[in-house]
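As structure tokens, the structure follows; a few thoughts come after it.
The values are calculated or read from the model by the stated rules, or taken from the named source; none is laboratory data. The structure displayed is predicted, hence computed values, not measured ones. Cβ coordinates were reconstructed from backbone atoms using ideal geometry, including for glycine residues, and neighbour counts include every protein chain displayed.
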Amino acid sequence: MGSEPKVQIVVEEGTKVSNPRIVIGIPEAGLVGVIAGSYMIQQLKLQEIGHVESELLPEVVVVHNSEPKSPIRIFGSGNLILLVSEIPLDPGFSYELAETLEGWAMSKNAELVVGVTGLPSKNRMNFDQNQKPILFGVSNDKKLRESLPSFGVEPFQEGVVTGIHATLLKKGALMNVPNLTLLVESYLEFPDPAAAATSVEALGRLLSIQIDTKSLVEESEGIRLKLRGLMKNTQESIAKTAEAPSVYA
Amino acid sequence: MSDEETDVFGEIERRIESVFGEVFSHDKEDLFDLVSGSLKPLDRIEVTPGEVIVTFDLPYVEKKDISLVATEETLSVDAKMTKPVMLRVGGSMQKRVEFAKYSKKISLPTKVDPRAGKARFRGGILIVSFPVVGEGSTVVVG
């Protein structure tokens with residue numbers, strides 16, 4: 001008799017998911033993944049199709065229009081799936097979530113799993129229209145690695161990846177699910193919509209999706225203000241779990 | 001994206017304030033001063049062997065509207081915003097409050113020379129650095 005899994009991917013009854021391309025955004029450096037994921041959900045009008053259930057999550061739901069909402073939700077349309085977390089993840093939960101996600105991706109014959117995150121850069125302040133942040137990619141799939149430059153992504157040559165992205169890459173390799181981690185130079189402890197815009201543009205090229213990032217850049221200051229609370233919680237989480245960010249280049 | 005009903009970031013703001021404002025460690029006093037009606041900017045403090053570097057996130061601010069006052073042990077920033085903003089405050093009983101300025105005073109982790117401070121501002125990010133004041137004096141053994 002097996003025990004109940006600690007993390008479950010719950011998809012609404014009747015929703016068919018087949019050969020998905022899964023994009024994951026978690027509160028981390030610059031909130032890049034959350035901003036990129038949330039913007040794509042809005043622009044592509046993705047519908048909420050599920051959520052993550054876990055005994056390891058805080059026992060809190062937010063009620064909106066009489067409906068309880070999980071802090072980690074799943075959106076989709078066709079074979080594009082987006083998972084966005086609105087709470088920082090502690091290391092124990094990250095591992096369980098990554099393992100469960102890869103198992104789910106394998107069961108659905110996923111084409112690709114993409115984690116999007118920020119790569120803290122001391123040089124970030126110097127970026128502007130003329131010098132955009134560099135976008136790096138790490139993949140467990142050789143063919144994908146070789147094709148990264150054609151999408152405007154530099155292969156991540158030397159460094160260390162830890163945390164959920166490391167587990168996604170490792171478990172993906174074990175389960176034969178192609179994985180890619182996209183890392184864009186960003187601020188560590190401030191929301192960075194401009195860096196997120198760079199990652200969204202790359203995702204558009206990778207996934208052959210038309211998506212305009214103009215409004216993300218234009219609304220950047222407003223987004224930075226709205227996400228201060230989430231960034232503050234993420235800062236505290238980063239401080240508790242590690243001295244440094246989860247990626248070193 | 002300005003339509004509140006379709007503003008995904010406004011929705012995140014509402015949910016985060018609802019959950020974290022009431023339940024978790026995020027204290028709304030870390031982000032707002034409702035008495036003075038000012039926002040407290042996000043900040044980052046780094047200490048290197050020779051410097052203390054403080055970075056502030058100041059969206060909607062122009063350089064000319066920033067005021068910095070430093071002592072050996074503290075740094076205060078005040079900045080008027082280019083336009084007032086409405087943000088959610090209040091946990092599960094949220095209300096939208098208008099803010100038009102930032103104000104924050106931080107304690108520095110070590111003593112600095114405030115007269116030698118330097119500041120740069122770009123894209124809403126303010127970086128202020130000070131040389132660390134050396135402690136003690138060399139004593140020569142005769």
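Results, tabulated for the structure shown:
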quantity	calculated
Search result, residues across the stretch B:50-80 that are over 20 Å from B:Ser107 (Cβ atoms) and free of Cβ contacts under 8 Å to residues at least 40 places away in the same chain	B:Glu62, B:Lys64, B:Asp65, B:Lys80
The stretch A:6-31 - residue that is touching a Pro at 6+ places or on another chain (Cβ under 9 Å) and hydrophobic (A, V, I, L, M, F, W, C) and, of those, surrounded by the most Cβ atoms within 10 Å (Cβ to Cβ)	A:Leu31
Residues that are among the aliphatic types (A, V, I, L, M) and over 21 Å from A:Lys16 (Cα atoms), drawn from the stretch A:67-96	A:Ile87, A:Leu89
Among the residues listed as B:Gly50, B:Gly142, B:Gly90, the single one being within 30 Å of A:Val60 (Cβ to Cβ) and more than 18 Å from the chain's Cα centre (by Cα)	B:Gly90
The stretch A:124-137, residues that are in contact (Cβ under 8 Å) with a residue 24 or more places away in the chain and either more than 13 Å from chain B (Cβ to nearest Cβ) or surrounded by fewer than 11 Cβ atoms within 10 Å (Cβ to Cβ) (or both)	A:Ile134, A:Leu135, A:Phe136, A:Gly137
Elements of type strands (runs of 3 or more DSSP E) contained in the stretch A:32-113, each with 3 or more residues being at pLDDT 90 or above and either within 12 Å of chain B (Cβ to nearest Cβ) or out of contact with any Asp or Glu (no Cβ under 7 Å at 6 or more places or on another chain) (or both)	A:47-54, A:72-77, A:80-85
Conditions (1) touching a Phe, Trp or Tyr at 6+ places or on another chain (Cβ under 6 Å); (2) part of a helix (DSSP H, G or I); number of the one not met by A:Pro133	(2)
Any hit, the stretch B:29-40, residues being facing chain A (nearest Cβ under 9 Å), modelled with pLDDT under 85 and at negative phi	yes
Members of the stretch B:98-108 found to be out of contact with any Gly (no Cβ under 8 Å at 6 or more places or on another chain) and either among the charged types (D, E, K, R) or at pLDDT below 95 (or both), listed by number	B:Lys104, B:Lys105
Test: residue in the stretch A:210-218 that is within 13 Å of chain B (Cβ to nearest Cβ), without any contact (Cβ under 8 Å) to a residue 12 or more places away in the chain and either of a type in the set (A, V, I, L, M, F, W, C) or in a loop (DSSP other than H, G, I, E, B) (or both)	no
Failed item, numbered, when A:Glu201 is tested on (1) within 25 Å of A:Ser94 (Cα to Cα); (2) in contact (Cβ under 8 Å) with a residue 24 or more places away in the chain	(1)
Only listed residue being modelled with pLDDT under 90, aromatic (Phe, Trp, Tyr), touching a His at 6+ places or on another chain (Cβ under 6 Å) and surrounded by 13 or more Cβ atoms within 10 Å (Cβ to Cβ), chosen from B:Phe9, B:Phe24, B:Phe20	B:Phe20
Single residue of the stretch A:176-198 satisfying the filter (out of contact with any strand residue (DSSP E or B) (no Cβ under 8 Å at 6 or more places or on another chain) and farther than 18 Å from A:Val23 by Cβ) that is farthest from the other protein chains (Cβ to nearest Cβ)	A:Asn176
Odd one out for B:Val139 among (1) out of contact with any helix residue (DSSP H, G or I) (no Cβ under 8 Å at 6 or more places or on another chain); (2) facing chain A (nearest Cβ under 10 Å)	(2)
Pairs where the first residue, in the stretch A:84-105, is closer than 9 Å to A:Thr167 by Cβ and the second is hydrophobic (A, V, I, L, M, F, W, C) and assigned to a loop (DSSP other than H, G, I, E, B), C-beta under 6 Å, 6+ apart	A:Glu102/A:Met175; A:Glu102/A:Val177
Among the candidates A:Asn109, A:Asn140, residue that is touching a residue at least 12 places away in the same chain (Cβ under 8 Å) and surrounded by fewer than 16 Cβ atoms within 10 Å (Cβ to Cβ)	A:Asn109
Conditions (1) buried (at least 21 other Cβ atoms within 10 Å of the Cβ); (2) within 21 Å of A:Leu203 (Cα to Cα); (3) touching a Pro at 6+ places or on another chain (Cβ under 9 Å); number of the one not met by A:Gly163	(2)
Subset of the stretch A:155-189 [over 17 Å from A:Ala29 (Cα atoms), among the β-branched types (Val, Ile, Thr) and part of a helix (DSSP H, G or I)]	A:Thr167
